[in-house]
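The values are calculated or read from the model by the stated rules, or taken from the named source; none is laboratory data. The model shown is predicted, which means the values in this text are computed figures rather than measured ones. Heads up, the Cβs are rebuilt from the backbone with ideal geometry, glycines too, and the neighbour counts pull from every protein chain shown. Quick note on the areas: whole protein, heavy atoms, side chains included, nothing else; ligands and nucleic acids left out. Shrake-Rupley method; radii C 1.70, N 1.55, O 1.52, S 1.80 Å.
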Amino acid sequence: MVDVLRVPFPVLQSSPSLSLKPRLCPLIPPSRRLHLKSNSLLFPLFSSSPSFFKLPLRCSSPSMPLQLSSLSQDSLLYSRAYWVTKTIIAWNVDVVEGSCYLYASKVAALSVTDNGIQGHDLEIKLEEDRSGLPPNVIEKFPHIRDYRAFKLPPVLDAKNLVKCQLAVAEFNSQGKCRNATGLQLPGVLDELFSYDGPLGAFYSAEAVSLCLWAPTAQAVYAHIYKDPVGGSPLEIIPLEETNGVWSTKGPKSWEGCYYMYEVSVYHPSTLHIEKCYANDPYARGLSADGKRTLFVNLHADDLKPEGWDELADMKPDILSFSDISIYELHIRDFSANDDTVNADFRGGYMAFTLKDSAGVLHLKKLSKAGITHVHLLPTFQFAAVDDEKENWKYVDSKILEKLPPDSAEQQEKITAIQDDDAYNWGYNPVLWGVPKGSYSSDPNGPCRIVEFRKMIQALTHIGLRVVLDVVYNHLHANGPFDKDSVLDKIVPGYYLRRNTDGFIENSTCVNNTASEHYMVERLIIDDLLSWAINYKVDGFRFDLMGHIMKRTMVKAKDALCSLTKERDGVDGSRIYIYGEGWDFGEVAKNGRGINAAQFNICGTGIGSFNDRIRDAMLGGSPFGPPLQQGFVTGLLLEPNGHDHGTKDVEKAMLASAKDHIQVGLAANLRGFVLTDFEGKERKGSEVLCYGETPVGYAFCPTETVNYVSAHDNETLFDIISLKTPVGISVEDRCRMNHFATSIIALTQGIPFFHAGDEMLRSKSLDRDSYNSGDWFNRLDFTYNSNNWGVGLPPKQKNENSWPLIQPRLADPSFKPQRSHILAAVENFTDVLCIRNEYGSTTPVHHGSLASL
């Protein structure tokens, strides 16, 4: 996800929508306190048997809204304290002569009243540790480095205590309650329950086993179903817990059936023990729309296309990662409007398996010219597109085709059904480890698995490796009620990153995940390994990689690199990973640990997108004035009327852009020396942009992914058409398009192209087409149309620019003809051939370059 948010915000709040007033609470009499002076009080708080927790539970249902009474200012709705190790709670309060206590309730009955904290089963006095938080805690939680440290008794039964509703309260010296808040638990959960054993479903010749990591759960059951939807469970099986991992073993007959977990767990968002129904976080198969998890053995022979086990030997050779050229493509864009594709295959995995469709022939042409990798936009199970095709809504394209090119009617009709049609980019993950059902012929059963493998196999056969777009930085849903919530039902408050008030961070769009937590990191790495081994993919592009910790990325790279053909059926040394190294939100400047931002990730061999060369070529940034010009779009030489300043200012801007591009041509290497526009020799790291940020940051060429266009923002042809003067010819715009793609193709580093850059692709000037349907995202591999002038782009993201857009769409001289498109394709492939002929022969390198 580059620069533009795509996912509509759900109803999320950074604080409760309640009018909260501070209220003083008298200190609970000392006779009711447990000061833990006697060993008799240091017993395990609860029985480890699930049957012990026969509690009044609320079934998770959207029809049951949260009911809250008036609470104190620092109420239990907040989680402002952190249980960071077994014996330390961190809280940002100044106790002085007062006191702090920890409270627990196994039935979630805690409340703040005029009489203090009520409803607790256990009350423990906390002692402040004046030495502060230890270095390992500060390293893990740098954003709370200045919090006070409060000690817990080391013999406390913390493993059972984390299953309760927990709160801490502070009292002044007169016994008045001044603060009360809930706790965030990831620190203590990582210390006590980090786990590297089996998770998910496992298959032997005689049995099927289930393992679920859920240390805060009070009880877990597996509901086994015969069918993908409807019907009563065949059986309901209680799972047994060992150190936070719940497991059971069942008969081989479970294979091919479906299951759901029932998890009884305290959820901080509702302040109740909830009975949550969730899919397996390690699911490898699903029913339609993720209603249930499929018991599926990915190693079964009947799920493997012919020749699947030998596919690694058929992968096209890559002598060096420097030889990679990437083509970014959305699965539905590829064939949804291709009449040369069988109607049943259009928009899905199987369209790639055809021999002579227009799209496949185009991919063959690109492969022959030098494209090595196809980057597929999200292919995992995501929300917002129904897996069942019969539920999709359509707009008759023949009606749309009759409307004027600058009409608002097209977007009205498209947006009226946009949440019920077949289209979405897919950056709203539900389950990371299962192929999306809507792209398969049958979303139930193993069909999606087999067809996904056939797609990978077909692309391999035409000389292309496959990169998957992975979105580990956020999840679509949270809480105990949402049907698309999974991880936050299993271990509430753990998988999603929370702010210092205890509410979920959403700087990525929504529901940021926390890879700094051990089991989140583990899930990410396990998921990558599954895709690499079970689907033989060749690379991963990380959405908003800067929101993931550097440690996680390096561990993921090392784990992938360790895969071998002999043991795993894939050569992990040939798997390339890259992502968006933007540094913003709560993780900026290492706010949650050393993150995988551009300046941190260099030296690891992991690639990151180079926005410097993009902005220098196009002008401004995606967030700047839409008419601001750059090196390619006519700055100084073809003025469009935008006020860039005086001529001297424009000359300086153009000269600076030239320097930025020159560094980009040298792979954005920090040590590359150039003569800048002032005649001075400078290193790439000494050329500055973006508020004194260095242009050059990479240690080696393969750490830079150069691009000028991607799925986000306007297409290359559209941005050129917007920024150039209205009076220039379409031929000039086509030449600018070719100039831009040629610069990217001939750079050192990894060139990256958005599908259609080579065909003058247009989205009718839509700057964010994530939910704009097939109509605005159409690709035409017959080269008859580039999709320019198909109506004003959707109002939600584009209305402010309609006054600029409308006259351009209405002007027939802006629209390229077939001859222009054919010439663009030929020019693009010619330049690729030049790059391919004179490409790198440097061996693939995997070691750290941090010492350079």
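Loop-located trypsin sites (Lys or Arg not before Pro) in region 671-746 (DSSP state other than H, G, I, E, B) with a sparse environment of at most 13 neighbouring Cβ atoms within 10 Å: 680. As a length-normalised measure over Cα pairs under 8 Å and 6 or more apart, the relative contact order of region 81-188 settles at 40 percent. Axis angle, to the nearest 10 degrees, between helix 647-665 and the longest C-alpha principal axis of the chain: 80 degrees. If you take the square roots of the eigenvalues of the alpha-carbon gyration tensor of region 274-384 and sort them as a ≥ b ≥ c, do you get rounded (a/c under 1.5), prolate (a/b over b/c) or oblate? In terms of gyration-tensor shape, prolate.
For region 81-188, the gyration tensor built on C-alpha atoms gives an oblate shape. Its axis ratio a/c (a ≥ b ≥ c) is at least 1.5, and a/b is not larger than b/c.
How many angstrom separate the Cα center of region 97-132 from the Cα center of region 765-790? Region 97-132 and region 765-790 have Cα centres spaced 59 Å from each other.
Label zone of residue 396 (point 7 Å out along Cα→Cβ, amide N under 20 Å): in region 780-819 this covers 790-791. Using a probe of 1.4 angstrom and keeping all protein chains present, the accessible surface of region 81-188 works out to 36 square angstrom per residue. In straight-distance terms, cross-link reach from residue 483 covers every one of the lysines whose alpha-carbon lies under 19 Å from its own, apart from those fewer than eight places away in the same chain; here that gives 275, 291, 436. Working from label points 7 Å from Cα in the Cα-to-Cβ sense, the residue 782 to residue 584 distance is 4.0 nm. For the residue pairs 140/557; 589/797; 252/557; 365/658, the C-alpha atoms sit more than 26 angstrom apart in 589/797; 252/557; 365/658. The calculated P(r) of the chain, using every Cα pair and 10 Å bins from 0, goes 2, 12, 21, 23, 19, 13, 7, 2, 0, 0 in percent. Distance between the C-alpha centres of region 610-671 and region 165-214: 50 Å, rounded to the whole angstrom.
The GluC sites (Glu not before Pro) of region 160-262 that meet both conditions, a loop assignment by DSSP and at most 10 other Cβ atoms within 10 Å of the site Cβ, are 206. Among the GluC sites (Glu not before Pro) found in region 635-724, those both in a DSSP coil and sparsely packed, with 11 or fewer other Cβ atoms within 10 Å of their Cβ, are 678, 692. The packing ranking, built from the mean of other Cβ atoms within 10 Å per residue, places the peptides 790-799, 620-629 in the order 790-799, 620-629, highest first. Were the residues from residue 746 through residue 340 laid out at 0.36 nm apart, the gain over their Cα-Cα distance would be 142.8 nm. Note on the chain: with charges restricted to the Cβ of Lys and Arg (+1) and Asp and Glu (-1), its dipole about the Cα centre is near 1680 debye. Sorting 804-810, 272-278 by their mean Cβ neighbour count within 10 Å, with the most densely packed peptide first, gives 272-278, 804-810. Only protein heavy atoms count here; on that basis, with a 1.4 Å probe, residue 247 has an accessible area of about 40 Å². Dipole orientation for the chain: of the candidates 800, 613, 93, 93 has the Cα lying most toward the positive pole (charges on Cβ; Lys, Arg +1; Asp, Glu -1).
Computed over neighbours whose Cβ is under 9 Å from that of residue 767, the net charge equals -3, Lys and Arg +1, Asp and Glu -1.
Fully extending the segment from residue 314 to residue 683, taken as 0.36 nm per residue of separation minus the present Cα-Cα distance, adds 128.7 nm. Between the amide H of residue 123 and those of 34, distances stay under 5 Å, these residues lying 5 or more places away or on another chain, with hydrogens modeled in the peptide plane.
Checking the Cα-Cα distances for 393/763; 226/489; 364/413 against a 28 Å cut-off, the pairs over it are 364/413. Once neighbouring chains are kept in place and the probe is 1.4 Å, which whole percent of the accessible area of region 635-756 is contributed by carbon and sulfur? Taking all protein chains in place, region 635-756 shows 56 percent carbon and sulfur surface. In the chain, Cα pairs under 8 Å separated by at least six residues give a relative contact order of 12 percent.
Dividing the helix sum by the residues of the chain, where each DSSP H run of 4 or more adds -39500 (n - 2.57), gives a mean residue ellipticity at 222 nm of -6500 deg cm²/dmol.
The simple Förster model, with R0 at 51 Å and r as the Cβ-Cβ distance, assigns residue 652 and residue 195 a FRET efficiency of 0.35. Helix 518-535: angle to the longest alpha-carbon principal axis of the chain, degrees 0 to 90, nearest 10? For helix 518-535, the angle is close to 40 degrees. The relative contact order of region 193-303 comes to 26 percent, based on Cα pairs under 8 Å that sit 6 or more residues apart. Length gained on full extension, residue 819 to residue 501: 108.5 nm, using 0.36 nm per residue less the C-alpha separation. In whole Å, what is the distance between the alpha-carbon centres of region 687-704 and region 244-310? Answer, in whole Å: 44.
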